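Chemist: Next up is a structure, given as structure tokens.
The values are calculated or read from the model by the stated rules, or taken from the named source; none is laboratory data. Note that the structure is predicted; figures quoted are calculated from it, not measured. Every residue, glycine as well, gets a Cβ built from its backbone with ideal geometry; the counts of neighbours run over all protein chains shown. With ligands, DNA and RNA removed, areas are computed over all heavy atoms of the protein, side chains included. Shrake-Rupley method; radii C 1.70, N 1.55, O 1.52, S 1.80 Å.
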Number of protein chains: 2
Amino acid sequence: MLTFLGGTGPEGRGLALRLARAGEDVIIGSRDAARAADTAAELSALLNNSATDSDTDSAKVGRIEGSDNSAAAGQADVAFLTVPYEAQRPLLEPLAGALAGKVVVNVIAPMRFERGRGAIAVPVEAGSAAEEAQLLLPDSSVVAAFQNVSAEELQQPETEMKGDVVICADHREAKTLVMSLTQKIPNLRPVDGGGLANAKYVEQITPLLVNINRIYKIHSAIRIVGIRN
Amino acid sequence: MLTFLGGTGPEGRGLALRLARAGEDVIIGSRDAARAADTAAELSALLNNSATDSDTDSAKVGRIEGSDNSAAAGQADVAFLTVPYEAQRPLLEPLAGALAGKVVVNVIAPMRFERGRGAIAVPVEAGSAAEEAQLLLPDSSVVAAFQNVSAEELQQPETEMKGDVVICADHREAKTLVMSLTQKIPNLRPVDGGGLANAKYVEQITPLLVNINRIYKIHSAIRIVGIRN
């Protein structure tokens, strides 16, 4: 079971939608169970409409349910962290037990906005949000991924995704699993980004892309060129 | 005149070669004028051979000369900084006068290597090497560019380049000039990366690419996808 902790935000909604569309059962987690249920119902409707409209086989789409974060963490095989960075520590501190032994995918890019300057990376003492999550969840396998993928595009099921998902982790099996999950979303390519210490560089690509988006009025993504497929 | 301060290293050699090939006259600068002259002679030979071998018109390639850094800075219209980060401050402190009013292109990605961890970004108090250079050269127009371009590939004149050059600067005219210079190197595309504060994110892409290169045994580059040409 894939769960999205803080999954009512744009990145969580988008990833849950795309992975349910690929046949995965997902749980949207939120501090507020009712809000999670509302988001799950909205996404289910969107998923069923898009399955009817397109060549996606509606029999094969996954189920989307809602729950509070704590119950969602308990049911997770793989838990995606899709909260703003400020919420990471309060979210994770009470969940270290529930997430022990599980794969935790950190999607967070610590970022703030400043008038006249645009998006700015927020410094993290541990190096990156992903490394901080690993410190807070010592018995989980933290994998950093999907930070650079446009939440807006993920939420539009008919929009073709583009670009690479650079995946950083110190746990080989967990990394391989997340690389496989990435391939379930059409046109996204997983790239092995090495150890979790490299997550810092990937997280900081997000404010760069946000600023480029504003200059060019686009939804940009990155691609690592030179990899032989 | 384009000059490459610390231009005897791989990034300086490579950029000088490619821009001379595009018809620009260049000066290689070094602490040691004799070493600069040797590098200039080597690059000239490489350039003339590649011009003879290919469809490059040898009459149109630029001249490559060598000089000590101080004289090179004095002759520069555009000065490229192609030293390792550790050498930036001692290089620039005595050159603030010679570089006043000029465009200074900072190619430096502050980086060190650690056994078992690979490339690691070196933290810079000013935010980035480029912002530090702007503080050291208050009367120059600093532009951050080319940090992510493979020095190995630049030095092989018959290798097709790939990827984007994300260009960050607070001086609009200087940025436009460096975007035009980028377009002189076939297959490199300039991307407007916004203000100099964004140079930090671009500089940190370099250690990520270096680590990806080691995993995949390639020379990688980045491309910003989603920009309409």
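Chemist: Looking at the stretch A:127-142 only, could you name the residues that are within 14 Å of chain B (Cβ to nearest Cβ) and either open to solvent by less than 10 Å² (accessible area, probe 1.4 Å) or not acidic (D, E) (or both)?
Modeler: Correct list: A:G127, A:S128, A:A130.
Chemist: Sticking with this structure for a sec: For the stretch B:1-118, give me every one of the strands (runs of 3 or more DSSP E) that falls completely inside it and has 2 or more residues that are closer than 20 Å to B:M161 by Cα and open to solvent by less than 40 Å² (accessible area, probe 1.4 Å).
Modeler: Where strands (runs of 3 or more DSSP E) fall fully within the stretch B:1-118 and carry at least 2 residues being closer than 20 Å to B:M161 by Cα and open to solvent by less than 40 Å² (accessible area, probe 1.4 Å), they are B:103-106.
Chemist: Out of curiosity, is A:E160 under 30 Å from A:L47 (Cα atoms) and among the charged types (D, E, K, R)?
Modeler: Spelling it out, A:E160 is indeed under 30 Å from A:L47 (Cα atoms) and among the charged types (D, E, K, R).
Chemist: Just checking, does the stretch B:93-102 include any residue being in contact with a Lys or Arg (Cβ under 7 Å, 6 or more places away or on another chain), over 23 Å from B:S180 (Cβ atoms) and at pLDDT 95 or above?
Modeler: No; the residues of the stretch B:93-102 include none that is in contact with a Lys or Arg (Cβ under 7 Å, 6 or more places away or on another chain), over 23 Å from B:S180 (Cβ atoms) and at pLDDT 95 or above.
Chemist: All but one of (1) under 23 Å from A:G226 (Cβ atoms); (2) more than 17 Å from the chain's Cα centre (by Cα); (3) surrounded by fewer than 20 Cβ atoms within 10 Å (Cβ to Cβ) hold for B:M179, so report the exception by its number.
Modeler: Of the numbered conditions (1) under 23 Å from A:G226 (Cβ atoms); (2) more than 17 Å from the chain's Cα centre (by Cα); (3) surrounded by fewer than 20 Cβ atoms within 10 Å (Cβ to Cβ), the odd one out for B:M179 is (2).
Chemist: Another question, if that's okay. Restricting attention to the stretch A:180-229, report how many residues are hydrophobic (A, V, I, L, M, F, W, C), farther than 27 Å from B:L196 by Cα and touching an Asp or Glu at 6+ places or on another chain (Cβ under 7 Å).
Modeler: 2
Chemist: Within the stretch B:119-142, which residues are of a type in the set (V, I, T), closer than 14 Å to B:A199 by Cβ and part of a strand (DSSP E or B)?
Modeler: Selection gives B:V142 alone.
Chemist: For the stretch B:134-186, which positions are of a type in the set (S, T, N, Q) and out of contact with any Gly (no Cβ under 9 Å at 6 or more places or on another chain)?
Modeler: B:Q134, B:Q147, B:T159, B:T176, B:S180, B:T182, B:Q183
Chemist: Counting only residues that are within 12 Å of another protein chain (Cβ to nearest Cβ) and touching a residue at least 40 places away in the same chain (Cβ under 8 Å), give me the helices (runs of 4 or more DSSP H) lying completely in the stretch B:143-229 with at least 1 of them.
Modeler: B:151-154, B:199-216
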